[in-house]
Every structure is written in structure tokens, then in C-alpha cells.
Amino acid sequence: MQRLNFRFEQGEADGAGRQPQVVGVVSSGNLEVLIEPAALNGACEIDVHTAAVGFDAIWAAVLADFQQRWKLSDVRISINDVGATPAVVSLRLDQAAESMLEGTQ
Amino acid sequence: MSSYMESNARERLRHLLDTGTLHEFLPPAKRIVSPHLEQLDTPVAFDDGVVTASGLLQGRPVLAAAQEGGFIGGAVGEVHGAKLVGLLRRAIAERPAAVLLLLDTGGVRLHEANAGLIAVSEVMRSVLAARNAGVPVLALIGGANGCFGGMGIVACCANAVIMSEEGRLGLSGPEVIETAHGVEEYDARDRALVWRTSGGKHRTLTGDSRRLVADTVEAFRQAAAEEMAACGHAALSLEELEQENRMLAQRLDATEGCRDPQDIWLGLGVADPSAVPMLDAEAFQRMAAQLRTKEDAGA
């Protein structure tokens with residue numbers, strides 16, 4: 001298992017006052033994304049706990065793309081991953097952001 | 001109409017209960033995860049693979065739990081089991097109309113060894129305690145893992161079991177039987193055989209499952225509401241247990257020498273056992289209900 005932490009500053013889409021949401025399942029090739037509001041001075045923090053060790057650079061790229069799309073502010077995202085591919089990770093992250101900000105499930 | 005089998009635990013529960021009434025206990029944001037899996041350096045889930053909640057079912061208050069089959073095969077660890085036990089104990093205090101257990105599991109989580117085994121036995125005890133307090137417990141089985149091991153016993157402790165054709169119920173899973181008795185006795189890769197011996201249709205014909213429903217969350221929802229109303233609030237009685245014991249002894253006698261479940265179905269009065277696997281849920285349920293009426297009249 002490997003733990004990775006990312007922090008993206010100066011977001012715009014405010015998570016304050018939203019309900020925490022969880023999407024996905026901790027299952028082979030899949031991941032669980034927990035998204036919740038957190039007082040982070042306008043930043044978005046993402047904690048990744050993954051069973052696939054050594055993919056730091058790919059996580060950094062996928063998460064930077066995600067933050068560019070959503071520009072989240074005061075949001076904490078926690079991930080339990082069991083070797084999901086980058087495409088699956090991106091889809092789950094979008095699903096998580098959508099379900100919290102737009103209330104879709 | 002969403003497939004029950006293809007839905008995950010949260011989706012099943014959300015669509016089973018009346019819209020917007022689900023209130024989750026110990027939600028993922030609380031991060032009550034398994035301490036054992038962390039020690040083993042294995043992925044954890046924020047809900048330890050089970051969603052426990054209160055809500056309404058067709059306007060009546062219920063407590064409900066849904067196991068996530070995708071997470072370690074829905075296996076029961078210490079936290080997972082404690083959440084189920086907590087829900088059932090809450091039922092004794094709150095007296096809801098029923099407790100619904102959406103089971104999708106291979107049984108105990110072997111990573112957690114004795115803690116997992118104790119958890120499963122505590123769930124059994126809690127199911128019986130809830131029933132003894134007059135709270136009906138219903139087991140719904142329609143996930144890809146079926147319901148096996150200690151949780152198979154838990155399902156049989158419930159007032160009623162509701163299954164889809166895709167659901168399976170048993171004690172030892174197919175691979176375990178093959179390993180113990182040899183491939184000639186039981187071929188775990190023969191899917192038709194596996195479903196004939198543990199699938200929803202067989203379990204419904206033998207009476208282990210109260211009824212068979214189509215593989216949609218809506219069908220399970222409707223059946224759960226009807227069974228909940230039919231159960232009433234009678235506490236467990238010794239007489240009821242003795243009657244069940246007699247039924248099981250009779251079944252053992254009646255199925256002596258049967259080589260295949262189709263022989264058992266023939267013995268139960270099914271006119272054409274080979275046609276059973278192809279029947280849709282509605283046609284099958286009609287046939288099973290007729291057989292039961294006939295049996296009741298004979299008894």
C-alpha cells in the first residue's frame with residue numbers, strides 16, 4: 001500500500017455547506033472516492049491510499065487534470081484505490097464532484 | 001428498472017427505501033475502517049463494506065443493512081459485523097416494522113480470523129434476539145456473491161428469505177464442496193449445476209426462500225413490503241422451531257438417494273423439472289405457489 005497527498009491552492013467552486021458523498025467501491029480495478037467540505041483556506045486536498053505502488057507521477061497528472069476541470073475550494077477528497085486505471089479514476093472523481101456540488105446521485 | 005445484481009450496496013438501499021428517507025448510521029465520512037486490514041497492509045473501505053441505515057418502506061419505518069459484495073466478496077469482518085449487530089440491537093429498542101438485510105457475501109472475512117468468526121456468531125444471536133422481541137427480520141439475496149458461510153446461517157435465522165433467480169444461498173460455496181468431495185461429486189465450474197443446487201429457484205421450491213422475484217430493485221422492494229406485512233410481530237416460539245426441525249427431517253428422508261436437484265423437484269410435484277431453469281420469475285412464482293397450496297391441502 002502507498003499513501004500519497006496532494007494539495008491544490010486557490011480553488012473557486014466552494015464545498016462549504018455541502019453534504020459529504022461517496023462514490024465507487026473498494027474492489028479490484030475500482031476505487032472509492034469520499035468527497036466532503038473542509039476548511040482548507042480555499043484549497044482542495046486529496047489523500048490517496050492505493051494498493052498499486054509506484055504510480056506517483058500518474059496520480060499527480062490525473063489529479064491535476066481533475067482540479068483544472070473543477071477548481072474545487074475547501075474540499076477534502078479521500079481515495080481508497082485497488083488498482084483502478086487513470087480513466088476510471090477520472091470518471092469516479094468527476095462523479096464525486098458532481099454528486100456533491102450538483103446533488104446528483 | 002435497475003438490476004439488483006448490477007447495483008452496488010448504496011444504490012440497492014437507496015432505491016429499496018422510499019425516496020429521500022435513507023439515513024445512514026456511521027457513514028463513510030466517519031471512517032470507521034477495519035483495524036485488521038490496515039495491519040495487513042490491505043485496502044480498507046470507509047464503511048467496512050456494509051451500509052446500515054434507517055428509512056421508510058412504503059411509509060413504514062424500517063432498519064436496513066446492505067453488504068457491498070465488491071469489497072472482499074462482502075465478507076464479514078469485526079467492524080462490518082459490529083455494524084450489523086448494532087443495527088439489530090437498535091431494532092429491539094426502536095421496534096421498526098422490520099429489519100431488512102441485503103446480503104451479498106461469502107461469509108466470514110478470513111483476514112480477521114477469530115474476530116470475524118465471533119462477529120458472524122454475534123450477528124446470528126442478534127437476529128434471533130430481534131425476532132424474539134417481535135421485530136421481523138427479512139433477508140434479501142440477489143447479489144453476485146450469493147449468501148454463503150456463516151451468513152447463510154444468518155439468512156436462515158430470518159423470518160423470511162426473498163431471492164432472485166441469480167441469487168444463491170448455501171453454507172459451503174461451490175469451490176469448497178469440490179475441494180472437499182472431489183470434482184466428480186461436484187463440479188464448481190458447472191454453472192448450471194451450481195445454480196440448480198443453490199440458486200433462487202431451487203431454494204424457493206424447497207421452501208428455504210419464501211418467494212422468487214425478478215432481478216430488479218423494484219421487485220425486491222415490493223416483495224419486502226409484502227413479506228413485512230405478512231410476518232406480523234409474533235415472537236419466536238419453541239413450537240415454530242420444532243415444526244421447522246420436523247420439516248427438515250422430512251426433507252432429509254424425502255431427498256434420500258436424489259442425485260440432482262431435478263429429482264427433488266420431481267418429488268415435490270414439479271411436472272417438468274427440465275423446464276424450470278427457463279421460466280421467468282413470474283411464471284416460476286405462480287408454479288411454486290400452486291405447489292405450496294397443493295402441499296398445504298395435502299398436509
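The values are calculated or read from the model by the stated rules, or taken from the named source; none is laboratory data. As the structure is a prediction and not an experimental result, all values here were calculated from the model. Reconstructed Cβ throughout: ideal geometry from the backbone, glycine too, with neighbour counts over all protein chains shown.
Each residue in region B:178-232 was checked for being free of Cβ contacts under 8 Å to residues at least 24 places away in the same chain, assigned to a loop (DSSP other than H, G, I, E, B) and not hydrophobic (A, V, I, L, M, F, W, C), and 7 pass. Of (1) among the hydrophobic types (A, V, I, L, M, F, W, C); (2) under 17 Å from B:Gln222 (Cα atoms); (3) within 14 Å of another protein chain (Cβ to nearest Cβ), B:Ile72 satisfies all except one. Which? Unmet condition: (2).
How about region B:116-147: which of its residues are assigned to a loop (DSSP other than H, G, I, E, B) and either in contact with a strand residue (DSSP E or B) (Cβ under 7 Å, 6 or more places away or on another chain) or under 13 Å from B:Ala98 (Cα atoms) (or both)? B:Ala133, B:Gly134, B:Val135, B:Pro136, B:Gly142, B:Asn145, B:Gly146, listed by residue number.
Taking (1) away from chain B (no Cβ under 12 Å); (2) closer than 23 Å to B:Leu26 by Cα; (3) not charged (D, E, K, R) in turn, A:Asn41 satisfies each apart from (2).
Residue check: B:Asp41 meets all listed conditions (1) at negative phi; (2) assigned to a loop (DSSP other than H, G, I, E, B) but one, namely (1).
For A:Leu72, are the conditions met, namely being within 16 Å of B:Phe46 (Cβ to Cβ) and either surrounded by 20 or more Cβ atoms within 10 Å (Cβ to Cβ) or within 10 Å of chain B (Cβ to nearest Cβ) (or both)? No. For region A:1-19, filtering for residues that are within 14 Å of another protein chain (Cβ to nearest Cβ) and surrounded by 20 or more Cβ atoms within 10 Å (Cβ to Cβ) leaves 1. Assess whether A:Val89 counts as being within 12 Å of chain B (Cβ to nearest Cβ), free of Cβ contacts under 8 Å to residues at least 60 places away in the same chain and either among the charged types (D, E, K, R) or crowded, with 21+ Cβ neighbours inside 10 Å (or both). Taking the combined requirement at face value, the residue does not satisfy it. Within region B:32-56, take every residue that is of a type in the set (Ser, Thr, Tyr) and more than 9 Å from chain A (Cβ to nearest Cβ) and give me the one that is surrounded by the most Cβ atoms within 10 Å (Cβ to Cβ). In this case the residue turns out to be B:Ser34. When region B:128-172 is examined, which residues are found to be charged (D, E, K, R) and under 20 Å from B:Gly70 (Cβ atoms)? Of everything in region B:128-172, those that are charged (D, E, K, R) and under 20 Å from B:Gly70 (Cβ atoms) turn out to be B:Glu166, B:Arg168.
For B:Gln243, the conditions (1) loosely packed, with under 15 Cβ neighbours inside 10 Å; (2) outside any helix (DSSP H, G or I); (3) not aliphatic (A, V, I, L, M) are fulfilled apart from (2).
Can you name every residue in region B:152-177 that is part of a helix (DSSP H, G or I) and either under 30 Å from B:His233 (Cβ atoms) or touching a residue at least 40 places away in the same chain (Cβ under 8 Å) (or both)? Selection gives B:Gly152, B:Ile153, B:Val154, B:Ala155, B:Cys156, B:Cys157. Determine if region B:95-110 includes at least one residue that is modelled with pLDDT under 95, surrounded by fewer than 18 Cβ atoms within 10 Å (Cβ to Cβ) and under 27 Å from A:His49 (Cβ atoms). Yes, because at least one residue in region B:95-110 is modelled with pLDDT under 95, surrounded by fewer than 18 Cβ atoms within 10 Å (Cβ to Cβ) and under 27 Å from A:His49 (Cβ atoms).
Those strands (runs of 3 or more DSSP E) of chain A in which 2 or more residues are in contact with an Asp or Glu (Cβ under 6 Å, 6 or more places away or on another chain) and farther than 25 Å from B:Arg12 by Cβ occupy A:2-8. Which ones in region A:54-83 are closer than 15 Å to A:Val22 by Cβ and either at pLDDT below 95 or not β-branched (Val, Ile, Thr) (or both)? Of everything in region A:54-83, those that are closer than 15 Å to A:Val22 by Cβ and either at pLDDT below 95 or not β-branched (Val, Ile, Thr) (or both) turn out to be A:Arg76, A:Ser78, A:Asn80, A:Asp81.
Selection of region B:8-18 for residues being away from every other protein chain (no Cβ under 11 Å) and either surrounded by 18 or more Cβ atoms within 10 Å (Cβ to Cβ) or without any contact (Cβ under 8 Å) to a residue 40 or more places away in the chain (or both) yields B:Arg12, B:Leu13, B:Leu16, B:Leu17. Within region A:52-62, is there a residue that is over 26 Å from B:Leu22 (Cβ atoms), within 14 Å of chain B (Cβ to nearest Cβ) and touching a strand residue (DSSP E or B) at 6+ places or on another chain (Cβ under 9 Å)? Yes, region A:52-62 contains a residue that is over 26 Å from B:Leu22 (Cβ atoms), within 14 Å of chain B (Cβ to nearest Cβ) and touching a strand residue (DSSP E or B) at 6+ places or on another chain (Cβ under 9 Å).
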